[in-house]
Structures are given as structure tokens and as C-alpha cells.
Amino acid sequence: MNVQEPLLLLLISPVFLLGFYMLRRPAVNRILILSRMVAISLLIIALSNPFVIASHTIRDDTPQVTVIADKTISCDLFDTSQGESLQEYLKTRTPTKYKEITGIKTALGDEILKNSASGEHIVLVSDLNNNHGVDLSDAVILARREGAHIYAVEQTPVHTDTGVEITGSKNIIVGNENTYHVIIRHVGEEITYTLTVKADGDTLYTEIITHSEHEKIIPLPYTPQSEGAHRLTATIATEMEDRFKLNNVFYKSVFAAPKPKVLYTGYDSPLKTVLAELYDLHETTTLDGAKPEDYKVVIIENKDAKSLNPQAQKLKGYTANGGALLVVGGDNSFDRGEYNNSDIEKILPVLSKPSKYKGGRNVVIVVDASGSTDTILYKDIKFIGHIDALAQSIVNNRNIGADTKIGVIAFGSNAEEIGFLSATSENKMILNKKIANIGPEGGGIPTNMDQGLIAAQEMLKEASGVKIVIVLSDGNIRENKNEIETAAKELVDDGTTLYFRQIGYGKEETFITMGEIAETTGADYEYIGTKGLNIQFEPLPEAPEEEEEEVTLHQFGLIITDSEHFITRDRNVSGDLTGYNDITPKIGARRLVAITIGKPVITVWNFGLGRTAAISTDNGNKWAGVLYTEPNSKLISSTVNWLIGDPRPTGDTITAPDTWLGTPGRIIIKTTSIPDVSFDNKRLSFTKEGNQYTAVIDPKKDGFYNIAGYEIAANYPLEYREIGFNDEMGAHIEECNGSVRNFEEAKTLLLGDIKANSVRVVNEPASAKMPFIIASLIIFLGEVILRRLRQRKITRA
């Protein structure tokens, strides 16, 4: 219980002081004084306005709805009259407002926050591609906290469009191969086009492509042969419908710097061979007398702490001021070189003590692709279509990281078994494509679930860590009950968590339900009908610290554990190490590559203004030869390139990222004097910020622009970049208790969703003063009545 006026409670003190004083006087009525003290105190408590937080349910039968119709340029691919049509339908049933956003910028987040009052229901008729103002996902979360609900109407294209973009680094090293990515986004009918990529006017890549999926990514190796500015241009050409022509050309500016100087203290090895090919390598056997500040990165290989501690302060100052340090392991480094609690360890992203392995997660998805799944589940969706979508939702679960391995088994199917793959972003794409191809061979194939379970058990035989099997089936089980129960019980007895999820009902009552089998075997069962899965992938518990053991005779597979970092993005890794240094990532560090038992191999972090990295295996002479051969060696070059950052020599430099029409860009020039630089034949006005100068540019047409020998590219407006309905944002809205419906469903079901969300529990303060007032009155009246009765008794006597 709380009070609104707590200071009033201080008045209770003088009441009790006065009462106790009166009680000490002779010949006083003690009962009278005590009752008055209590009664007055209760009245003071009532005057302080005590209250409690009470919950009650509010139901709004006519909820306020706001329809926000997106009529910006990108939504020209859809039927733009749907917003008005939906508002006309809803306003006859509940109060409905209508708003439009138009133009060449989509600021859906801003519009949501303007209308996100408590109890408000906001319906977005949009492609959900936000490119201006408040981030849309943040706006949805903020609106939900305010008590508003967000819904979306899924858009179906009525026009076809295809756009192109090139992504990749701008400042690169001359003579080094870099992988750029050509991203082609498509919406609408299948299209055939010619993709052409040119480098400085020469054709680098060309292909005729037939495109039906939403997005296609093509890796593009490019090696600049000369220093200075270079131009990449991607063009798509088609004779079929292509609604927007502006996004058919993309410009990418690249600047090739001379090979940066790298200080290397190591030995002849596969690592040295990789470095010597890519960088201006300066070898030394000791750091005594070396000047780290003359180099972009310092690489230390297999040195013990005793030899490095005298140089630790110099390396610490160098790194903290913007330098870069890479330490490579071996039999004389990290845990084997007494790094623990040493001066050199303070700079590194790792502690040189054994790491606690949390264990891996192994998930096998068992898909029912028997003949019965070729029938219609609802509308025009077949059982197999819904089962495949559920399997893909497991693969795409955001809580499943690269330390999870996923395998897929289909029984009664024409699909092959999909062996374990680490759940990196690239492997998830592979799994999704393979799952989409799973289908029944024909109506006569029985539901031989036991075969699927046996195959899952075989797949998990050599797996370590948490084991999970998820069975997705229509439950159309006619036979093999005993065999299924036996296979399921063996899995459960082996410590595997077994989930049975049934989609829809069988057509005959004689079907043996999955629920009966689950109850017998101890598996987890749920009938989900046409809904999604509700299986939670919780963080894995830590295992006890392992005893140190000799590992040189074992093999340890490499996996990527963080695919969102510059070093590992769009990379894959394979092969086995035969040894490693047992280390633990520090808090704030990122473990990018590990071995299958969870031990880090590549760990990075920022130190002051600089960067440091630890490769906790050797130079390839003994343990890690596979790490320094193609394609794994790209991880080494990516690590060094990340450490270097900008490969250009120190001195006066220009930094200017490529920009988009309609979105002003920034130019930053590091120099000691005010720069005299022009852009598009106009002199720029600079503002000084520390030791650098900044200016704002706003190109008016696409193409390349030269700024004192450094080029930037300006491309089509951001409105033309993301095309098609944003499914990821739709999923985010659903996660925030909203719903996403197509237009026809919106008219019939959306109002039901809104009314369901209009019933809510509200916590409000409720006054609690009345019990204190009543208690005070009872005490006062009781004392008066007792005193009168006593006086009457005395009078009669």
C-alpha cells in the first residue's frame, strides 16, 4: 500500500507524544486517552490518501482504429486503393481515422508514434519498408509500450520490378582480391534479364538470369591492379515489365591503397605465406627497438609472456591510440606461454585460462512427407506446404546461432537426408532451399515415422551437447505403432528431447494419434492445427570446467559462431584442427570462429581507439594448416583487414561513403589546414571538428563524383532500394502482439483481432482510506457507548 501525502503521517508522532504525556498524569481515563490516540491516528492515515494498485478489465466494443495508407513511390507496385477501401469497410463498424503518407521517403515509424495513444489500434497498409525517420521496429515496440496495437495488411504486387545493388568495402588494398556482392531484389512475376557488372568500363561479369524469388545474391571477386579510384557499375536490362527504371543501375566507388606495412614477429609458416602475398610484410625476431606506430598492424606469433611483457606498455599505448595487434597462438603462447594475469594479456580480447564450454545444440527436424500430406489442409495450402514452412521457421529462429547444428530427415519422401549443418546465415539459406524441395512421392507412400526416428537417432549418435528431435506430421498413422513407440522411447532414453507436433486431423477415427505415442514414450506432444510452433530454444547451461588434456592427437572441426561480423560475414569454414590454445573470451569480446566443442579460435575486440585479435591456434606448421589454405585463408586476410581498418597511409585523407539521391552525405577530411575542395563544381563549406573538417553534400543526379582524387557514387533514392512486402517486419509486428493479414482476410478477420486486443487489464490506483475512517469511527463510537453504559450503571447504583 502507498500514500499520496506521506508527510501527513508525521502528525501521528505529536498525537502519541501528547497521549503518553496525558497517560502519566494521575486520575485520568486511560481507556479514553488510548482510544482517542488510535482514532486520531487512523484519521491522519486516512487524510494521507492511502491507495493500492488494483487490476480491472476494460473492454472497448467500439475501439478507435487508425488506418495508415502508404502511398509512397515504392508502394506503386501494389494496389494503392486498399487503404481507402479498408477504411470504408471499418468505419461502418467502429470509429476509424484515415491517414496517408506520400512522396519519395517512407517515414512509417514517425507516423506510428504520432498515433500511438493508449488503446489505439493502428493498421498499416504498406510494404513495411521504412527508410526515413524513426526505425520502424523501434516505433512498433514504443507504441506497444504506450498501449497501442499495430497491425499490417500484407501487400500483393500488381506490377513487376527488379532492382540491383553492390555491397562491399570502399577502401581496399591494391592487388588483393575482395569479394563484393551483387544483390538483385525482385517483386512480381518471373522475369528474365541480363546482369552486367563492369570495373572501370571493362566487363567483369555478365549473365542472363531468370528470376522468381525475392532476392538473389551473387558473389563478385574483384582485384584492383592499380592504386587510386576505381568504378564498379552493375546494370540489369530486360524487355519484360520493370516498373522502376531508376534502380536498374548501381554505382560503387572503390579506392585502392598501396599495400599497408605490417610488422611480423614470427617464423616461416603457412601464415607468413598468406601475409606476404597480401601486405608489405616487415619481419623481425624481436620487438626491441621496433616502432609499432610506423605500421598498420603488429602481428606476434607464438611468443611467451616473459618475452612480451617488457614490450607490453609500448604495445598498449600503440593500440589504445588507434593501432592494431594480432597475437597468434602455438605451443609457446597463451595458456602454454604463461599469459594468464600478465601485462600482455591486458591488451588481448581473451583470458589465457580454459574456457567453459556451454555445449552444442543438435536439432534434427523430422518431416512427414508421406502421401497423406499431399492433401489440402486449408484453403489452397497443402499439409506438406505448412509442414515445410514450420520446418523453415525452426531454421530461422533467432535464438538458434552458429553453435547449433541442424539436420533434416524426411520420411515417405523424394528428398534426400540433409546432414548436420552449423546454423550460420549462409547454411540457413541452404537448409531453407532444401526444405522447400521436400515433397511426397505419391499418395500411396505410408507414414513410416519409425524410419524417420531411427534415422534421427543415427544422425545424433556421434553428437555431443543438447540433442533435440522435432517431428512435424499430420498424424495420419495407420500402422507401425509398436515400431514408432520403440524408436521414440530409444531416443528419449538416450537423453534426447523429443517433440511431436501434429498439423490438422486425420480423416478417419481409426488413426493412431501422435498424442498416444507421446504419452507412452515420454515425448512432448501438442496439436497445433494450422498455427505456428511454440518451441522455445533457451540458452544452454554451462558445463563444468574441463580438465586440461593433451589434444594434439585429436581433430576438432571448425565452425563460425558469429556470422554478423565483418570478418565472418558471407564466409564459410571447413576442415579440422589438431590442436588449439585453451582460452576464454573476455566480457565484451566477440568469438567469431571456434571448434565444434566450443573453444575459441578467432576472438576480437576494440581496445581504446584500436583493435586487437587473438588466433588461438598455431601458424599452420603443426596444428592449423587447414586454416591457411583456401577458402579458409580468407578468414586470415579478413581478420588483418578488419584490424587495419582504413588501409590508406596516414596523413591527409578524405573519407566519403557512397550516398543516395535525396539523402545528404558527409565528407570528412583529416588535414592541418582548411581544405579547398569542390564538389560538383561548387566549393564546399567545411566545419572543423577536432583535427578534421566536415562538409555536407547533396548530389542531384546519380553517377560518380570526384573529390580531389577521391571518388564517391550517388545512386537512386532509398525509396527504390527495398521493394516488395517486408516479411521480417511483418513477423516483428506479430511478435509484438499484432497481426498480419492479406487484404481479403483484413476485411473479415482484422476487426476480430482488434476487438480481441481491446479487452485489456488495466492497473489503476484505488483509494484505501475508507477502512481507516470506518475503524476510527468504530473505535470512537464504541468508546462513547461503553462510557455512557458505565455512567448509566453508576447512576442506577
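The values are calculated or read from the model by the stated rules, or taken from the named source; none is laboratory data. Only a predicted model underlies this, so the values are computations on that prediction, with no experimental measurement involved. Counting neighbours? That spans all protein chains shown, and the Cβs are built from the backbone with ideal geometry, glycine included. Heads up: the accessible areas ignore ligands, DNA and RNA and are worked out on the full protein's heavy atoms, side chains in. Shrake-Rupley method; radii C 1.70, N 1.55, O 1.52, S 1.80 Å.
Got a number for residues in segment 60-108 being surrounded by fewer than 20 Cβ atoms within 10 Å (Cβ to Cβ), assigned to a helix (DSSP H, G or I) and either among the charged types (D, E, K, R) or within 31 Å of the chain's Cα centre (by Cα) (or both)?
5
Looking at segment 384-420 only, could you name the residues that are modelled with pLDDT of 85 or more, part of a strand (DSSP E or B), among the hydrophobic types (A, V, I, L, M, F, W, C) and more than 14 Å from GLY439 (Cα to Cα)?
The answer is ILE406, and nothing else.
In segment 16-37, how many are basic (Lys, Arg) and farther than 24 Å from PHE772 by Cα?
Step one: of segment 16-37, the residues basic (Lys, Arg) are 24-25, 30, 36.
So of that shortlist, the ones also farther than 24 Å from PHE772 by Cα come out as 24-25.
Here the count works out to 2.
If you scan segment 458-494, which residues turn out to be crowded, with 18+ Cβ neighbours inside 10 Å, out of contact with any Lys or Arg (no Cβ under 9 Å at 6 or more places or on another chain) and within 25 Å of THR596 (Cα to Cα)?
Correct list: MET459, VAL469.
Somewhere in segment 764-772, is a residue touching a residue at least 12 places away in the same chain (Cβ under 8 Å) and over 30 Å from ARG59 (Cβ atoms)?
Scanning segment 764-772, I find at least one residue that is touching a residue at least 12 places away in the same chain (Cβ under 8 Å) and over 30 Å from ARG59 (Cβ atoms), so the answer is yes.
Quick one: which of GLU744, GLU722, GLU711 is in contact (Cβ under 8 Å) with a residue 60 or more places away in the chain, over 23 Å from GLY147 (Cα atoms) and open to solvent by 60 Å² or more (accessible area, probe 1.4 Å)? I'd like the intermediate steps shown before the answer.
Values: GLU744 fails: in contact (Cβ under 8 Å) with a residue 60 or more places away in the chain; GLU711 fails: open to solvent by 60 Å² or more (accessible area, probe 1.4 Å).
When all the criteria are applied, what remains is GLU722.
Given the condition at pLDDT 85 or above, open to solvent by less than 20 Å² (accessible area, probe 1.4 Å) and touching a Lys or Arg at 6+ places or on another chain (Cβ under 9 Å), answer yes or no: does some residue in segment 511-521 qualify?
Scanning segment 511-521, I find at least one residue that is at pLDDT 85 or above, open to solvent by less than 20 Å² (accessible area, probe 1.4 Å) and touching a Lys or Arg at 6+ places or on another chain (Cβ under 9 Å), so the answer is yes.
Residues in segment 197-207: is at least one open to solvent by 50 Å² or more (accessible area, probe 1.4 Å), over 30 Å from ASP646 (Cβ atoms) and not aliphatic (A, V, I, L, M)?
yes
Okay, residues lined up against (1) among the hydrophobic types (A, V, I, L, M, F, W, C); (2) out of contact with any Ser or Thr (no Cβ under 9 Å at 6 or more places or on another chain):
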{"residue": "ALA54", "(1), (2)": "yes, yes"}
{"residue": "SER81", "(1), (2)": "no, yes"}
{"residue": "GLU84", "(1), (2)": "no, yes"}
{"residue": "ARG93", "(1), (2)": "no, no"}
{"residue": "GLU100", "(1), (2)": "no, yes"}
{"residue": "ALA117", "(1), (2)": "yes, yes"}
{"residue": "ASN130", "(1), (2)": "no, no"}
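Could you tell me how many of the residues in segment 676-689 are among the small types (Gly, Ala, Ser) and either open to solvent by less than 20 Å² (accessible area, probe 1.4 Å) or part of a strand (DSSP E or B) (or both)?
Within segment 676-689, the subset among the small types (Gly, Ala, Ser) is 678, 685.
Add one more test, that the residue is either open to solvent by less than 20 Å² (accessible area, probe 1.4 Å) or part of a strand (DSSP E or B) (or both), and what stays is 678.
Result for segment 676-689: 1.
Just checking, which of ASN581, ASN621, ASN572 is assigned by the TED database to the domain that holds LEU351 and open to solvent by less than 10 Å² (accessible area, probe 1.4 Å)?
Details: ASN621 fails: open to solvent by less than 10 Å² (accessible area, probe 1.4 Å); ASN572 fails: open to solvent by less than 10 Å² (accessible area, probe 1.4 Å).
Matching residue, one of ASN581, ASN621, ASN572: ASN581.
Restricting attention to strands (runs of 3 or more DSSP E) lying wholly within segment 564-660, give those where 3 or more residues are modelled with pLDDT of 90 or more and in contact with a helix residue (DSSP H, G or I) (Cβ under 6 Å, 6 or more places away or on another chain).
610-615
For segment 130-149, enumerate the residues that are under 23 Å from GLY103 (Cα atoms) and touching a Leu at 6+ places or on another chain (Cβ under 7 Å).
ASN130, ASN131, VAL134, LEU136, ALA139
Given the conditions (1) surrounded by fewer than 17 Cβ atoms within 10 Å (Cβ to Cβ); (2) among the small types (Gly, Ala, Ser); (3) under 30 Å from ILE535 (Cα atoms), report the number of the one that SER370 does not fulfil.
Failed condition: (1).
Need pairs with beta-carbon distance below 7 Å; first residue in contact (Cβ under 8 Å) with a residue 24 or more places away in the chain and within segment 687-705, second surrounded by 14 or more Cβ atoms within 10 Å (Cβ to Cβ) and among the basic types (Lys, Arg); sequence gap 6+ or separate chains.
Correct list of pairs: GLN692/LYS670; PHE704/ARG231.
Quick check on segment 41-59. Is at least one of its residues within 23 Å of ARG790 (Cβ to Cβ) and surrounded by 12 or more Cβ atoms within 10 Å (Cβ to Cβ)?
Checking segment 41-59: not a single residue is within 23 Å of ARG790 (Cβ to Cβ) and surrounded by 12 or more Cβ atoms within 10 Å (Cβ to Cβ).
Condition check ((1) open to solvent by less than 70 Å² (accessible area, probe 1.4 Å); (2) modelled with pLDDT under 85; (3) out of contact with any strand residue (DSSP E or B) (no Cβ under 6 Å at 6 or more places or on another chain)) across all residues:
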| site | (1), (2), (3) |
| --- | --- |
| VAL759 | yes, yes, no |
| VAL762 | yes, yes, no |
| ALA766 | yes, yes, no |
| MET770 | no, no, yes |
| ILE778 | no, no, yes |
| GLY782 | yes, no, yes |
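Filter segment 152-188 for residues that are outside any strand (DSSP E or B) and among the small types (Gly, Ala, Ser); which is surrounded by the fewest Cβ atoms within 10 Å (Cβ to Cβ)? Reasoning before the result, please.
Of segment 152-188, the ones outside any strand (DSSP E or B) are 155-160, 168-170, 174-177, 188.
The next check asks that each one be among the small types (Gly, Ala, Ser); those that pass are 168-169, 175, 188.
Values: GLY168: 17, SER169: 14, GLY175: 16, GLY188: 20.
My answer is SER169.
Only one of these is in a loop (DSSP other than H, G, I, E, B) and either modelled with pLDDT of 85 or more or in the same structural domain as VAL395 (by the TED database) (or both): ILE535, ILE438, ILE470. Name it.
ILE438
Only residues that are open to solvent by less than 40 Å² (accessible area, probe 1.4 Å), among the β-branched types (Val, Ile, Thr) and farther than 25 Å from HIS159 by Cβ: list them for segment 217-250, please.
Passing the criteria: only THR233.
Which one is nearest to TRP660 (Cα to Cα), of the residues in segment 251-270 that are open to solvent by less than 10 Å² (accessible area, probe 1.4 Å) and within 30 Å of the chain's Cα centre (by Cα)?
By that ranking, first place goes to SER253.
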